[in-house]
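What follows is a single structure, written as structure tokens, with notes after it.
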Amino acid sequence: MKSFRDKRRDNRPPAKGRAEHARPRPETAPVRSEAKQQRHETKPDDRSDPKPTPRILARRDGALPAERLPVILEVAPNADYALLDSGAGEKLEQYGPYRIVRPEGQAIWQKALPARDWDRADAIFTGDTDEEGIGRWRFPKVPLGETWPMKHDGIDYLGRFTSFRHVGVFPEQASHWDHMAAQIAAAKRPVKVLNLFGYTGLASLVAARAGAEVTHVDASKKAIGWARENQEMAGLGSKPIRWIVDDAVKFAEREERRGSRYDIILFDPPAYGRGPKGEVWQLFEDLPGLTDLCRAILTPKPLAVVLTAYSIRASFFAIHALMRDTFAGMGGTVESGELIIREQSAGRALSTSLFSRWVA
């Protein structure tokens, strides 16, 4: 996520959950690439899935994949985004034309830039209300709207001031996006990408621009709406992307039953979430089953599976071991470590999340 609960980070409020049921009829309709094709957000209907059978997990036979760790994937300042400075529990960022101040609990050091640089901020997250909208933001210069135009590597999208301090994109993920785009280009064949907990769609847009057919799943209708706005903003309306409002686990289970398969899977689950129908997601309890599902819905010649974990009290060694066990017998390499953003002012590294990815 919260309205876009699937991407809850740090101290986000409790998530709204992983979602309603969706049926095969609208989801499996092929997506044509013609610009005039009318796209519909896939919505769940009122029918229930068959009563779920608990997934039985067992350690897989076969040699464990090779391993590479620790891997530190770094995002450096650029024209689209820069971490200008950090310290004293805050971070100063440049998103396109705007300078933004937000809380950052890990910034326990002191600020490197003088106060006058921080005082030039266009927007400051205050956290002084629980209301939806942009009520948690203060605009010292002129009032700003909810959205503003942004770019990532030539892809236009909308930045957003949300009530939970986030701005509609997580720039540290750019390392994964670049890696994925390179894999799609190098494959020289049709590639299908599944983006679970897809949020506002930057990863899906990067994959589609690189030539992949993309299925983007998020339990938040609002997040899917934002993602589709971003697709039009980027001029990628003709690209084959299915936007699906659904619970990530239930969607993956149905894909397994239907025989749908993917070459690349991205999944970025929250630590905790609760769905509108009482679904509960607990990362440590449910992540092993979802990881196993991801393996089950890979094509015979897959390219990669990428897991990102935010705000969990664990080492990357934990998800590294899970990924190696899950992909035993498949060869390839499991690479694990941290995503970081390199600060412009003093060159310090701000760690944002753990990750583990299996690469064929």
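The values are calculated or read from the model by the stated rules, or taken from the named source; none is laboratory data. Just so it is clear, the structure is predicted and the values come from calculations on it, not from any experiment. Note that each Cβ is placed from the backbone with ideal geometry, even for glycine, and that neighbours are counted across all protein chains shown.
Can you say whether Ile341 is farther than 26 Å from Ala186 by Cβ, under 21 Å from the mean Cα position of the chain (by Cα) and in the same structural domain as Ala248 (by TED's automatic domain parsing), as far as the supplied structure shows? Working first, answer last.
Working: farther than 26 Å from Ala186 by Cβ: yes; under 21 Å from the mean Cα position of the chain (by Cα): yes; in the same structural domain as Ala248 (by TED's automatic domain parsing): yes.
So Ile341 fits the description; yes.
You will find that of Ser345, Ser353, the residue that is part of a strand (DSSP E or B) and under 17 Å from Glu104 (Cα atoms) is Ser353 and no other.
Among the residues of the range 153-176, just one is under 17 Å from Ile341 (Cα atoms), acidic (Asp, Glu) and touching a helix residue (DSSP H, G or I) at 6+ places or on another chain (Cβ under 8 Å), namely Asp153. Checked against (1) surrounded by fewer than 21 Cβ atoms within 10 Å (Cβ to Cβ); (2) within 22 Å of Ala182 (Cα to Cα); (3) among the acidic types (Asp, Glu), Glu335 passes all but a single condition, namely (1).
Could you tell me how many of the residues in the range 178-204 are on the phi < 0 side of the Ramachandran plot, at pLDDT 95 or above and outside any helix (DSSP H, G or I)? Going through the range 178-204 one residue at a time, the tally reaches 8. Could we say that Gln173 is more than 25 Å from Ala223 (Cβ to Cβ) and among the polar types (S, T, N, Q) here? So Gln173 fails the test.
Ala207 fulfils the conditions (1) more than 15 Å from the chain's Cα centre (by Cα); (2) assigned to a helix (DSSP H, G or I) except for a single criterion, (1).
Taking the condition in contact with a helix residue (DSSP H, G or I) (Cβ under 8 Å, 6 or more places away or on another chain) and part of a loop (DSSP other than H, G, I, E, B), does Met323 pass?
Judged against the criteria, Met323 is not a match.
Summed over the range 276-300, the residues that are in contact with a helix residue (DSSP H, G or I) (Cβ under 9 Å, 6 or more places away or on another chain) and not aromatic (Phe, Trp, Tyr) give a count of 14. Could you say whether any residue in the range 263-276 is of a type in the set (Ser, Thr, Tyr), part of a loop (DSSP other than H, G, I, E, B) and under 30 Å from Gly105 (Cα atoms)? No, the range 263-276 contains no residue that is of a type in the set (Ser, Thr, Tyr), part of a loop (DSSP other than H, G, I, E, B) and under 30 Å from Gly105 (Cα atoms). Among the residues making up the range 207-225, those that are surrounded by 24 or more Cβ atoms within 10 Å (Cβ to Cβ) and not acidic (Asp, Glu) are Ala207, Ala208, Ala212, Val214, Thr215, His216, Val217, Ala219, Ser220, Ala223, Ile224. Residues of the range 301-316 being assigned to a loop (DSSP other than H, G, I, E, B) and within 28 Å of Gln106 (Cα to Cα), which ones? Within the range 301-316, Tyr310, Ser311, Ile312, Arg313, Ala314, Ser315 meet the criteria.
The sole residue among Ser238, Ser260 that is over 29 Å from Glu338 (Cα atoms), crowded, with 18+ Cβ neighbours inside 10 Å and hydroxyl-bearing (Ser, Thr, Tyr) is Ser260.
Considering only residues in the range 55-67 that are exposed (fewer than 14 other Cβ atoms within 10 Å of the Cβ) and either under 26 Å from the mean Cα position of the chain (by Cα) or not assigned by TED's automatic domain parsing to the domain that holds Ala309 (or both), the one that is modelled with the highest pLDDT turns out to be Ala66.
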